[in-house]
Amino acid sequence: MNNLELGVIWLGRMGGNLSLQAIEKGLRVVGYTSNGASAELLAAGLEEVTAIEGFKEKLRAPRVILLYIPAGPAVDEAIDALAAELEEGDIIADGGNSYWGDSIRRHGRMAARGIRFVDLGTSGGIDGARHGACFMAGGSDDAVKVVEELATRLAVPGGFVYAGPAGMGHYVKLVHNGIEFGMLQAIGEGMEFLEYYKDQIDVQGVLKCWRNGSVIRSWLIDLMEKEYRDNNGLGNIPTYIEDTGEVNWLVADALRMEIPIPVIAQSVMQLFASRDEKKSWAGAIETMRHGFGGHPFGHYEPAKLERIEGRVGEIYKEPFPATGKKKKAA
C-alpha cells in the first residue's frame, strides 16, 4: 500500500477530505487547487503542485488523477489541460457529479489522445470522503482495475462497484441522487405530520426510537435526529431549499426514455415549492442536506450546471429508440 499514489484536483470539501483520508491510510497524495492547499492538508503530508503541469513530474506512470470539480465547463477545461501534459495510458477519474452523457463524450475525447478516463460517481458526503466513501465506476476494464485498487482503500467495505462501460458510473450516481431526493421528501413530509399533530409529540424521542430497529432506520434518519437535537427543532431552520439542479437531468432523461418516476419528479417539484413559504418539511430536508453534504441553509447562488457538448438524445438514438423503450427480444 505504501507504493500507492494519486493526484487530486480541487481540494475542497470532497477532494480535500478524501485526500486527508488517503494520506492517513498511507497513500501518497499530490494535489492542486486554484486557491492553494489548506494548512491542514499540507501538515498532513499533501504534496502540493501550483499548476496542473506539475502532476507529470510528481507522479509515476501510469498516473491516476481524481477530479472533484463542480459539473460544467470547468471539468472539460481541467481534463483538456491534463491531457496536454500526461502520457499515454495515464488515467483521469472524474469523481464529481457530472452528467453521464458528458462523461461518455469525455471518454471518447480522451481515448483519442491516449488518455484513459473513468467516471467515478462518489457518494457519502463530506463524512464519507473523510472516513470512507461509496464509489461507482464507469470505463474500460483496464482503467477501472487501476482506479479500483485506490478507491477500495478509500471506500467503506463493499462500497465500490464497477457499474459498466463509459458513463455508467455517473449514470448510476444520478439515479442514486434521484432516490435520495425521494427519500428526503418522504422524511420531510413525515416530520410535517409529527410537528403539527394536535397534541405535542416528543419528536426528538420518536426520531431516536426510529434510529433503532425501525424499518426506516437509515443514515438520513440519523442525520435528522442529530440536527433536530442540535438545533432544538426545526423552528430556526430556513425553508428555502437550494440545489445544484442535477436531479433535473434524471427527470429529463425519464421523459425521453418514457420511464415513469413520479416520486422523484414530484420531489423536485416540491423542492421548488419550498421557496414560496415556510414549511416544516422543507426545513427538515434542509437539515438533512446540511448534515450529509454541508449544503448551506437558506438561499445561495449554486454553480450553474450545463451539458457540455449537446443533448444526450442526439447521441443515444440507438440504445434508446424514439419510443424511449428498449426493444424486447423476439
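Summarising the label geometry, the points placed 7 Å from Cα in the beta-carbon direction at Phe193 and Glu40 lie 3.9 nm from one another.
Remark: the Cα gyration tensor places the range 9-86 in the oblate category, a/c being 1.5 or greater and a/b not exceeding b/c. The simple spin-label model puts a point 7 Å past each Cα toward its Cβ; for Phe272 and Asp202 those points are separated by 4.2 nm.
Entry note, the chain: the mean residue ellipticity at 222 nm calculated from DSSP H runs of n ≥ 4, each adding -39500 (n - 2.57), is -14500 deg cm²/dmol after division by the residues and rounding to the nearest 500. Available extension along the chain between Thr50 and Ala81 is 9.8 nm, counting 0.36 nm per residue and deducting the alpha carbon span. When a/c is below 1.5 the answer is rounded, else prolate if a/b is larger than b/c, else oblate, so apply that to the range 183-237 with a ≥ b ≥ c taken from the square roots of the Cα gyration tensor eigenvalues. Because its axes are fairly even, with a/c under 1.5, the range 183-237 counts as rounded. What is the chain by shape, rounded, prolate or oblate, if you read a ≥ b ≥ c off the alpha carbon gyration tensor as root eigenvalues and call it rounded for a/c under 1.5, prolate for a/b larger than b/c, and oblate otherwise? Oblate, since a/c reaches 1.5 and b/c is not below a/b.
Using the Cβ-Cβ distance between Asn236 and Asp141 with R0 = 51 Å, the FRET efficiency computed as 1/(1 + (r/R0)^6) comes to roughly 0.50. Ordered from largest to smallest accessible area (heavy atoms of protein chains, 1.4 Å probe), the residues Ser123, Ser140 come out as Ser140, Ser123. Here the contact order of the chain, divided by its residue count and restricted to Cα pairs under 8 Å and six or more residues apart, works out to 14 percent. Rolled with a 1.4 Å probe across the full set of protein chains, the surface gives Arg256 an accessible area near 70 Å². With the convex hull of the Cα atoms taken as the outline of the range 211-268, the averaged projected area works out to 5.7 nm².
Solvent-accessible surface of the range 1-128, taken per residue with a 1.4 Å probe and all protein chains present: 38 Å². For the chain, the longest principal axis of the alpha carbon atoms and the long axis of helix 100-111 meet at an angle near 10°.
Mind listing which GluC sites (Glu not before Pro) in the range 58-140 are in a DSSP loop and have 13 or fewer other Cβ atoms within 10 Å? Sites meeting the loop and neighbour criteria: Glu87, Glu88.
A simple charge model with +1 on the Cβ of Lys and Arg, -1 on the Cβ of Asp and Glu and nothing else charged puts the dipole of the range 6-63 at about 240 debye relative to its Cα centre. Per-residue packing, averaged as other Cβ atoms within 10 Å, sorts the ranges 227-238, 107-118 into the order 107-118, 227-238, beginning with the highest.
Each of the peptides 125-138, 213-226 was scored by the mean count of other Cβ atoms within 10 Å over its residues; in descending order, highest first, they stand as 125-138, 213-226. Beta-bridge orientation, the chain: approximately 20 percent antiparallel, per DSSP, counting only bridges with both partners inside. Under the simplified labelling scheme, the Ser214-Val156 pair shows an inter-label distance of 1.9 nm, with each label point 7 Å from Cα along Cα→Cβ. Taking the alpha-carbon centroid of each part, what is the distance from the range 103-169 to the range 31-82 in angstrom? What the calculation gives is 17 Å, centre to centre. Taking the accessible area of the chain, probe 1.4 Å, and keeping the other protein chains in place, the carbon and sulfur fraction comes to 55%.
The values are calculated or read from the model by the stated rules, or taken from the named source; none is laboratory data. All values derive from a computational prediction rather than experimental measurement. We place every Cβ from the backbone using ideal geometry, glycine too, and count neighbours over all the protein chains shown. The protein model used for the area step is the full one, side chains on, heavy atoms only, and it has no ligands, DNA or RNA in it. Shrake-Rupley method; radii C 1.70, N 1.55, O 1.52, S 1.80 Å.
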